[in-house]
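This report refers to the structure that appears directly beneath it.
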Amino acid sequence: MKIELLDEVVSTNDCIKRYLGEGEDVIVCARRQTGGKGTKGRAFLSEEGGVYLSALTFYEGLPAAQAFTVMAHAAVAVCKTAERFGVRARIKWPNDVLADGKKLCGILIENVLAGDTVKASIVGIGINVCNNVSALGGIAVSLSSLAAGATVEAVRDALIGEYGTESDFSDYLRYLDCTGRTVRVMENGREYAAYARRVLPDGRLEIEADGAVRALSGAEISLKL
């Protein structure tokens, strides 16, 4: 796998797209992003001191119905990276990685589909390491505040190693921190309490609310009622 280390880019996800026509797996890392992107069009704070990595992976016959495994693998890689520095990280469905109850990283997936298969995926991961996250109002945490040995270079290398190591859905479930408890669901402008039963293999969250069981795919949840 080719690895490219850069100083500054607008977005590692955008930067890596120039390799889409080459068919080779690539990882691009940058010290800083000037236009980092989060989910749902949100900006992602990307000042120097964090790890900003995008991985381009090509697949042969990965069914689109199994695309969630791409996201699950990325979240597991971040959890295992944190573990290397003695920090216990957990996943809040679907892909928020928390440490000490606060958000440790952001993950953005862009899949390239060919019919009913995933031809390639671009996985963007941004981990707070030594950067100042105080502007985020106490919802985020930097890994270095929890682990003295966490430097940008050490975390970057650990993440590359973990991302290149296979994981499966059982690993995702092992790090999951929302099932078997009551959560608050935010869906289509409505908020309500529900019991999180399990995450289905396609990535949907099965909940029970008002005596009915159904599966969520596009909602957000909060672990704090």
Review point. Out of 25, 7, 96, 14, which single residue is within 18 Å of residue 220 (Cα to Cα) and of a type in the set (Asp, Glu)?
Key: 96
Exercise for review: Please enumerate the residues belonging to region 128-165 that are outside any helix (DSSP H, G or I) and under 16 Å from residue 27 (Cα atoms).
Suggested key: 164, 165
Review point. In region 132-143, is there at least one residue being of a type in the set (S, T, N, Q), over 25 Å from residue 59 (Cα atoms) and without any contact (Cβ under 8 Å) to a residue 12 or more places away in the chain?
Key: yes
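Could you check how many residues of region 20-36 are part of a strand (DSSP E or B), among the polar types (S, T, N, Q) and out of contact with any helix residue (DSSP H, G or I) (no Cβ under 9 Å at 6 or more places or on another chain)? Break it down into steps so the answer makes sense when it comes.
The first filter runs over region 20-36 and keeps only residues part of a strand (DSSP E or B), leaving 26-33.
Subsequent filtering for residues that are among the polar types (S, T, N, Q) retains 33.
Okay, now just the ones that are also out of contact with any helix residue (DSSP H, G or I) (no Cβ under 9 Å at 6 or more places or on another chain), so none.
The qualifying residues number 0.
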Check your understanding: In region 61-80, is there at least one residue being charged (D, E, K, R), assigned by TED's automatic domain parsing to the domain that holds residue 156 and under 16 Å from residue 106 (Cβ atoms)?
Key -> no
Practice item. State whether one or more residues within region 129-136 are out of contact with any helix residue (DSSP H, G or I) (no Cβ under 6 Å at 6 or more places or on another chain) and modelled with pLDDT of 95 or more. Key: no
Practice item. Sort out which residues of region 178-209 are out of contact with any Lys or Arg (no Cβ under 8 Å at 6 or more places or on another chain), under 15 Å from residue 94 (Cβ atoms) and not in a strand (DSSP E or B), and write them in order of number. Key: 200, 201, 202, 203, 204
Review point. Inside region 210-225, can you point out the residues that are among the small types (Gly, Ala, Ser) and more than 15 Å from residue 93 (Cβ to Cβ)?
Key: 211, 212
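The values are calculated or read from the model by the stated rules, or taken from the named source; none is laboratory data. Remember, it's a predicted structure, so these values are computed and weren't measured experimentally. Cβ sites come from the backbone with ideal geometry, for glycine too, and all protein chains shown count toward neighbours.
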